[in-house]
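What follows is one structure encoded as structure tokens, with my remarks underneath.
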Protein chains: 2
Amino acid sequence: MPRFRMTVEYDGSAYVGWQRQENGHSVQSALEQSILALTGKTISIRGAGRTDSGVHAMGQVIHADLERAWEPHKLRNALNAHLAMANEAVSVLEVQAVDETFDARFSALRRHYLYRIMTRPARLALEAKRAWWVPKLLDHEAMHAAAQELVGHHDFTTFRSVHCQAKNPVRTLDRLDVSRTGDLIEIRASAQSFLHNQIRSFAGTLKLAGEGKMTPADVRAALEARNRSACGPVAPPEGLFFLQVDYPGDPERQP
Amino acid sequence: MPRFRMTVEYDGSAYVGWQRQENGHSVQSALEQSILALTGKTISIRGAGRTDSGVHAMGQVIHADLERAWEPHKLRNALNAHLAMANEAVSVLEVQAVDETFDARFSALRRHYLYRIMTRPARLALEAKRAWWVPKLLDHEAMHAAAQELVGHHDFTTFRSVHCQAKNPVRTLDRLDVSRTGDLIEIRASAQSFLHNQIRSFAGTLKLAGEGKMTPADVRAALEARNRSACGPVAPPEGLFFLQVDYPGDPERQP
């Protein structure tokens, strides 16, 4: 059956998360229902990452096996028409025909995420569901320095949810950069794969570094503790954006 | 009575517009209700500009006369606490004590607006209520060239709503710049004051210029026709953001 790779954008505010589940509407369900509406077939799609409720995506990647060899841009437009009719906050940005060796989850070489923090005294109106509001200044240079203690090949037990289902807590974190533009602090994280809640755990801990409550050495000690209780409070989902996934043969892109 | 100048941000999606009216909840009502909750007094505030339903603001300015000489940051925090409790998409960014000669509407020297257009084949998810979706490429240089025909002192009858209540359709447009970053086209407009629907009328007409359907000479002819029917379709409200208002004595700021 023809396999298609799709790049998907969504506003996670209205969904129980990426993954199909019993207790509410998921992004995966929204996409599978648009495929059902178009093709008459109930299929299961696979995404590169499982985002939690409230987490957004600009570049989630999925694969789907369809019976027909659609022209990619026609498939994109038809699925978007069904998503629009169903009033979903989901958009198919791009469709490519791929061979059956492509797997959105298992072929991924690297995943890129962005975590946004707005630091200002006034509550958020326009950015309310698109950033974490922190009503005080944070020292983004201290956050960046602390973040560098986390980059590399480590056991990240401290920074994963107790519900994380991964067998192995060891990951290689390629990038964890913190920068500031005005009131906005951006944390950019890249790795082949992440543990459940890993980036939100990083963001919560780096906020403490930005407040002067943790030094880089404290963050290193928290990592080395391999103990969930050493982690700062987990940052809320609305600041997190799944930006991009890289696969073999992709042209070079800056996330 | 002590007078306060306040800078206000809002997501216009949930409101019938800036102005208090019978048929729904307005941004003005949300702010007046937060003042009532805080002070026990029903007062009427005045804004620098009346935005339509769906139009956003990052820098609407209002003035309000209160009985008490609040410390500005305490007033800001208290109003934001009431706005949060009422679940309003409104935030008071800044409060300043001003003297009674300050009038948010009549003292304004210049108003600055931004109109955002997203040009891409796929529908909008994250930006759905924050930009006008145009599913084809637009030539932003052609749009900018056409826009320059509108800058200056003109009778803007072509570019105002038939419901516009201004007695005089003559205005001086100081700036109408069109630029592009990736899929996003930004139109930046500055003037002491604007007519009703003027910027959305500009945006709708400039889109035609970006499609090659109007030359700069056509836009000039539309202006000179002084006839509403010469205007392109009015662009939707969700692309429009009220950015900033300048008053005498303000420090120089880039909108």
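The values are calculated or read from the model by the stated rules, or taken from the named source; none is laboratory data. This is a predicted model, so every value here is computed, not measured. Cβ placement follows ideal geometry from the backbone for every residue including glycine, while neighbour counts extend to all protein chains displayed.
For the stretch A:91-105, give me each residue that is β-branched (Val, Ile, Thr) and part of a loop (DSSP other than H, G, I, E, B). Before the answer, list the steps.
Initial filter on the stretch A:91-105 (β-branched (Val, Ile, Thr)): A:92, A:95, A:98, A:101.
A:101 - this is the single residue of the stretch A:91-105 that is β-branched (Val, Ile, Thr) and part of a loop (DSSP other than H, G, I, E, B).
Out of all the residues in the stretch B:114-165, which are away from chain A (no Cβ under 14 Å) and touching a Phe, Trp or Tyr at 6+ places or on another chain (Cβ under 9 Å)?
B:115, B:117, B:132, B:147, B:150, B:156, B:159, B:160
Got at least one residue in the stretch B:95-102 being without any contact (Cβ under 8 Å) to a residue 60 or more places away in the chain, more than 14 Å from chain A (Cβ to nearest Cβ) and out of contact with any Leu (no Cβ under 8 Å at 6 or more places or on another chain)? Lay out the reasoning, then the answer.
First, pick out the residues of the stretch B:95-102 that are without any contact (Cβ under 8 Å) to a residue 60 or more places away in the chain: B:101.
Now narrow it down to the ones that are more than 14 Å from chain A (Cβ to nearest Cβ): B:101.
So of that shortlist, the ones also out of contact with any Leu (no Cβ under 8 Å at 6 or more places or on another chain) come out as B:101.
Yes, that holds for at least one residue.
Which of the residues spanning the stretch A:212-255 are under 22 Å from the mean Cα position of the chain (by Cα) and of a type in the set (A, V, I, L, M, F, W, C)?
A:223, A:231, A:234, A:235, A:240, A:241, A:242, A:243, A:245, listed by residue number.
Residue A:55 - would you say it is touching a helix residue (DSSP H, G or I) at 6+ places or on another chain (Cβ under 6 Å) and either of a type in the set (Phe, Trp, Tyr) or not assigned by TED's automatic domain parsing to the domain that holds residue A:161 (or both)?
Working: touching a helix residue (DSSP H, G or I) at 6+ places or on another chain (Cβ under 6 Å): yes; either of a type in the set (Phe, Trp, Tyr) or not assigned by TED's automatic domain parsing to the domain that holds residue A:161 (or both): yes.
Here the answer is yes, as residue A:55 does meet what is asked.
Can you name the residue in the stretch A:60-90 that is more than 25 Å from the chain's Cα centre (by Cα) and assigned to a loop (DSSP other than H, G, I, E, B) and, of all such residues, is farthest from the other protein chains (Cβ to nearest Cβ)?
If we take residues in the stretch A:60-90 being more than 25 Å from the chain's Cα centre (by Cα) and assigned to a loop (DSSP other than H, G, I, E, B), then A:67 is farthest from the other protein chains (Cβ to nearest Cβ).
Of all residues in the stretch A:8-22 being part of a strand (DSSP E or B) and over 16 Å from residue A:130 (Cα atoms), which is modelled with the highest pLDDT?
Let us first name the residues in the stretch A:8-22 that are part of a strand (DSSP E or B), namely A:8-10, A:17, A:21.
With over 16 Å from residue A:130 (Cα atoms) added as a condition, the list becomes A:8, A:21.
Working: A:8: 98, A:21: 90.
Result: A:8.
For residue A:122, all conditions in the list (1) within 25 Å of residue B:59 (Cβ to Cβ); (2) touching an Asp or Glu at 6+ places or on another chain (Cβ under 9 Å); (3) surrounded by fewer than 20 Cβ atoms within 10 Å (Cβ to Cβ) hold save one; what is the number of the exception?
Among (1) within 25 Å of residue B:59 (Cβ to Cβ); (2) touching an Asp or Glu at 6+ places or on another chain (Cβ under 9 Å); (3) surrounded by fewer than 20 Cβ atoms within 10 Å (Cβ to Cβ), the lone unmet condition for residue A:122 is (3).
May I ask you to verify whether residue B:25 is surrounded by fewer than 20 Cβ atoms within 10 Å (Cβ to Cβ) and over 16 Å from the mean Cα position of the chain (by Cα)? Talk me through it step by step, then tell me what you get.
Numbers: surrounded by fewer than 20 Cβ atoms within 10 Å (Cβ to Cβ): yes; over 16 Å from the mean Cα position of the chain (by Cα): yes.
So residue B:25 passes the test.
Go through the stretch A:43-90 and give me each residue that's closer than 20 Å to residue A:19 by Cα and of a type in the set (Lys, Arg).
If the condition is that a residue be closer than 20 Å to residue A:19 by Cα and of a type in the set (Lys, Arg), then A:46, A:50 are the ones that fit.
Considering only the stretch A:103-110, I want to know if a residue exists there that is within 18 Å of the chain's Cα centre (by Cα), within 21 Å of residue A:231 (Cβ to Cβ) and not assigned by TED's automatic domain parsing to the domain that holds residue A:48. Spell out the reasoning first.
Let us first name the residues in the stretch A:103-110 that are within 18 Å of the chain's Cα centre (by Cα), namely A:103-110.
Filter once more, keeping what is within 21 Å of residue A:231 (Cβ to Cβ): none.
So far as the stretch A:103-110 goes, no, none of its residues is within 18 Å of the chain's Cα centre (by Cα), within 21 Å of residue A:231 (Cβ to Cβ) and not assigned by TED's automatic domain parsing to the domain that holds residue A:48.
Can you find even one residue in the stretch A:81-94 that is touching a residue at least 60 places away in the same chain (Cβ under 8 Å), touching a strand residue (DSSP E or B) at 6+ places or on another chain (Cβ under 8 Å), in the same structural domain as residue A:49 (by TED's automatic domain parsing) and more than 26 Å from residue A:196 (Cα to Cα)?
Scanning the stretch A:81-94 turns up at least one residue that is touching a residue at least 60 places away in the same chain (Cβ under 8 Å), touching a strand residue (DSSP E or B) at 6+ places or on another chain (Cβ under 8 Å), in the same structural domain as residue A:49 (by TED's automatic domain parsing) and more than 26 Å from residue A:196 (Cα to Cα).
Return the only residue of A:158, A:119 being in contact (Cβ under 8 Å) with a residue 24 or more places away in the chain, out of contact with any strand residue (DSSP E or B) (no Cβ under 8 Å at 6 or more places or on another chain) and polar (S, T, N, Q). Walk me through how you get there before you give the answer.
Values: A:119 fails: out of contact with any strand residue (DSSP E or B) (no Cβ under 8 Å at 6 or more places or on another chain).
From the options A:158, A:119, the qualifying one is A:158.
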